[in-house]
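Encoded as structure tokens, the structure appears first; notes follow it.
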Amino acid sequence: MKISAGFLLRGTLWTVGAFGLGTVLRVVTNVVLARLLAPELFGIMLIVNSLRTGIELISDVGIGQNIIYHKDANEPDYYNTAWTLQAIRGVILWLVSLAIAVPVARFYQSPILVFIIPLTAFNIVLLGFGSISRPLLHKRLQVARLTTFDMIVALVSSVAYVLLAYLSRTIWALVFGGLLQSAATMVGSYFLLPDVRAKFYLSKRFVWEILHFGKWIFISSIVYFLSQNFDRLYLAKVVPLELLGIYGIARNMSDLLSVLVVQIGDKVLFPFIASHSQISRADLREQLASIRIKVLLLAALGFSLFVATADILIRFLYDERYQAATWMLPVLLVGSWFAIMTNFNESTLLGLGKPSYGATSNSSKFVFLLVGLPLSVALYGLLGGFVVLVLAELSRYVPIFIGQRREHFSFGMQDLLVTLGMFLSVGLWEWLRWVSGFGTSFDSLPIQAGPFLGAS
């Protein structure tokens, strides 16, 4: 049985197109906010948003992924059970946020966190009461409608952030901007599938099935949070808030293409593989291989250009307060390439109903960071820590590759060739810059630096 490449192509194009527009919108918004607000405010929000993400992920049982994977997800008893669990979880997590606000504020010696953490965490409640229609659209492979909705919400939230920052040059512009974004997502989600009406209902059978499927998602989410946010929470304790805010901006920019691949995986690859479970793995893998290599080659070309122009983008977009990001961004981007490969492969395993490998992969990265990051920062300063961040992403790739081999669904040779091609392309662009008299994107690396060079 031959699979249709039409959905993969259309879904990928919709996702890439929407992501491109959304990225331009987010970058413009972030640049405007950076002009209006001080760097240390972004440092505070980096701590708060990392904690909020952690609170969400340590209780994640994969409700959305379960809806995409489960054969009965379109039945009212099932999706109402899923919605009820989602809403209850949101309220419980907000109560947890209230409980930890004071201890966290004391730990980071920032009293304002007592008020910011509960307000920011209320986003979880708003999103918890949102319609279950978004994962149902994933399952029904209606990528266009979903991406259009996401673009509208992004536009509304960007306007809200900028307007609030213009009116109030304080941390509250970022706090209430986030609340307005979540409120818009919640309200708008109920217009996506008007026939899906949410009501409180719990089916014992479906509760058990959701929790059974979600046990590995739960474990994976915990270690995913630790692996993705340990650097933020650790650096928040050892570097000035101003430098932390600059790091947050560089980190967000370095994650752009990685986030795109996550979206392609979540919106296109994962539901597509899950919906073609009747095809043998060997046939499915063989037919996906030709499509996959084209997507990755395009990603490699765009990524290599991004690396070679990263410092130029920072200098053009941000004022002198943020110029330490000129050396941070190129280094972080190298690690992001390995994250791209890992995320793409993890989506295939999730589509096969094998979420356990994701937990192992993220555990590997977290252990690497837990040991390597404090040691490298202590011995070699912030640059040493960045090298560890790059190697940590590579360590995350290995368990996923092993999992694909075990499931007879690996693309190891493709990954190797595309990675080599990407690094050769980076070398070519850097050489062209150098011979043209513009140096390289790595010229500002603080090779002779103290621990936190670039703070000024």
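The values are calculated or read from the model by the stated rules, or taken from the named source; none is laboratory data. Note that the structure is a prediction, hence the values are computed from the model and not measured. Virtual Cβ from ideal backbone geometry, glycine too; neighbours counted across all protein chains shown.
Tabulated values for the structure
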{"read-out": "Tally of residues being without any contact (Cβ under 8 Å) to a residue 60 or more places away in the chain and either among the hydroxyl-bearing types (Ser, Thr, Tyr) or crowded, with 22+ Cβ neighbours inside 10 Å (or both) across segment 339-360", "value": "3"}
{"read-out": "Number of positions in segment 186-213 that are part of a loop (DSSP other than H, G, I, E, B) and not hydroxyl-bearing (Ser, Thr, Tyr)", "value": "11"}
{"read-out": "Residues that are of a type in the set (D, E, K, R) and surrounded by 18 or more Cβ atoms within 10 Å (Cβ to Cβ), drawn from segment 373-406", "value": "GLU393, ARG396"}
{"read-out": "GLY454 vs. criteria crowded, with 19+ Cβ neighbours inside 10 Å and at pLDDT below 90", "value": "yes"}
{"read-out": "ILE44 vs. criteria among the β-branched types (Val, Ile, Thr) and more than 26 Å from GLY353 (Cα to Cα)", "value": "yes"}
{"read-out": "Long-range neighbours under 7 Å by Cβ, at least six apart or interchain, first residue over 16 Å from LEU164 (Cα atoms) and touching a residue at least 40 places away in the same chain (Cβ under 8 Å) within segment 23-46, second of a type outside the set (Lys, Arg) and surrounded by fewer than 16 Cβ atoms within 10 Å (Cβ to Cβ)", "value": "LEU25/LEU155"}
{"read-out": "Residue that is surrounded by the fewest Cβ atoms within 10 Å (Cβ to Cβ) [pool: residues in segment 312-322 that are under 15 Å from GLY439 (Cβ atoms) and touching a helix residue (DSSP H, G or I) at 6+ places or on another chain (Cβ under 7 Å)]", "value": "ARG315"}
{"read-out": "Some residue of segment 341-349 being part of a helix (DSSP H, G or I) and farther than 29 Å from VAL27 by Cα", "value": "yes"}
{"read-out": "Members of segment 223-237 that are among the hydrophobic types (A, V, I, L, M, F, W, C) and either over 15 Å from ASN362 (Cβ atoms) or free of Cβ contacts under 8 Å to residues at least 40 places away in the same chain (or both)", "value": "LEU233, LEU235, ALA236"}
{"read-out": "Close pairs from segment 432-450: first modelled with pLDDT of 90 or more, partner surrounded by 14 or more Cβ atoms within 10 Å (Cβ to Cβ) and in a loop (DSSP other than H, G, I, E, B), Cβ under 7 Å, at least 6 apart", "value": "ARG433/THR440; TRP434/THR440"}
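Listed here are the residues, each with its yes/no results for (1) outside any helix (DSSP H, G or I); (2) over 19 Å from ILE246 (Cα atoms).
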| position | (1), (2) |
| --- | --- |
| ASP283 | no, yes |
| ASP311 | no, no |
| GLY353 | yes, yes |
| VAL371 | no, yes |
